[in-house]
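Working notes, structure below.
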Amino acid sequence: MLRYLMLISIVLFLMGFSEDEKPRFTIEFIQNQKVVPIHNETVNLEKDMFRMKVTLHNLRGVYLSASRKKMYFNLKDTEQIPDFKFISSKVGAEYPFNKNQEISVHAEYLSFLCASKDEFDCNKLDLGARFQGDEIIGYKTVKYISLSLKDQKFSVKNYGKDLYLFFFATDEYEIGKMPVELGRMKVKLKWKKH
């Protein structure tokens, strides 16, 4: 009987461990209908429209900092995100269903990539996100780079500077409660030269 209980304990422990190891979100870059691999936190894209495939596991959305500076990007994995307690107040307003098809670039402000069956305001990914159990799979089409501070908008074809993307997820925000970080991912977006 003791062996049986030990075996059950080990199985439950391993099941819990493998569930904890599953990332809460994944981001893939797609161009010309092919996944562009990320190497050493860098993705090399053609100067053309691309899509980010966003897969959320038991999450409502994922935050995105897109910047020409490395404020978030240079954070070590163990370093706390600046102003983390106020992170939800740093999210800029965006049109539902990615109407502008842009990445908004700002040193401090964030985007929130999300999809919901119930909340119209929480649909910042392209129309047609798929909901499969506890998983949401959606896309963000990017045709433009918008420099928020300068109020300038460029076609991806006419933009050539590197961008530093920092994705992270938190538990649900509650007033007066410090959110808990659930994962992060860094990607330097570089443009291929022809």
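Throughout, read-outs are computed from the coordinates displayed, never taken from laboratory work. Treat the numbers as computed from the prediction; the structure is a model and nothing was measured. Backbone-built Cβ (ideal geometry, glycine too); neighbour counts: all protein chains shown.
At what distance in nm do the modelled label points of residue 107 and residue 76 sit from each other, each positioned 7 Å from its Cα along Cα→Cβ?
Placing both labels 7 Å along Cα→Cβ, they lie 2.4 nm apart.
Just to confirm a number: summing +1 for Lys and Arg and -1 for Asp and Glu over residues other than residue 65 whose beta-carbon lies under 12 angstrom from that of residue 65, what do you get?
Computed value for this residue: +4.
For residue 158 and residue 131, calculate 0.36 nm times their separation in residues minus their Cα-Cα distance, and state this gained length in nm to one decimal.
6.2 nm
Express in nm, to one decimal, how much length is gained between residue 34 and residue 181 on full extension, taking 0.36 nm for each residue of separation and deducting their alpha carbon distance.
Gain on extension, residue 34 to residue 181, equals 49.9 nm.
Going by amide H atoms built from the backbone, whose H comes under 5 Å of the H on residue 182, apart from near neighbours?
When sequence neighbours closer than 5 places are left aside, the close amide H contacts are 169, 170, 171.
Could you give the length gained by full extension between residue 100 and residue 143, i.e. 0.36 nm per residue of separation minus their alpha carbon distance, to one decimal place?
14.6 nm is the gain from fully extending residue 100 to residue 143.
What percent do you get for the relative contact order of the stretch 21-95 when only Cα pairs under 8 Å and 6+ apart count?
Once divided by the residue count of the stretch 21-95, the mean separation gives 27 percent.
Total Lys pairs in the stretch 48-114 closer than 27 Å by alpha-carbon, pairs eight or more apart in sequence or interchain only?
13
What is the fewest-to-most order of 126, 118 by other Cβ atoms lying within 10 Å of their Cβ?
118, 126
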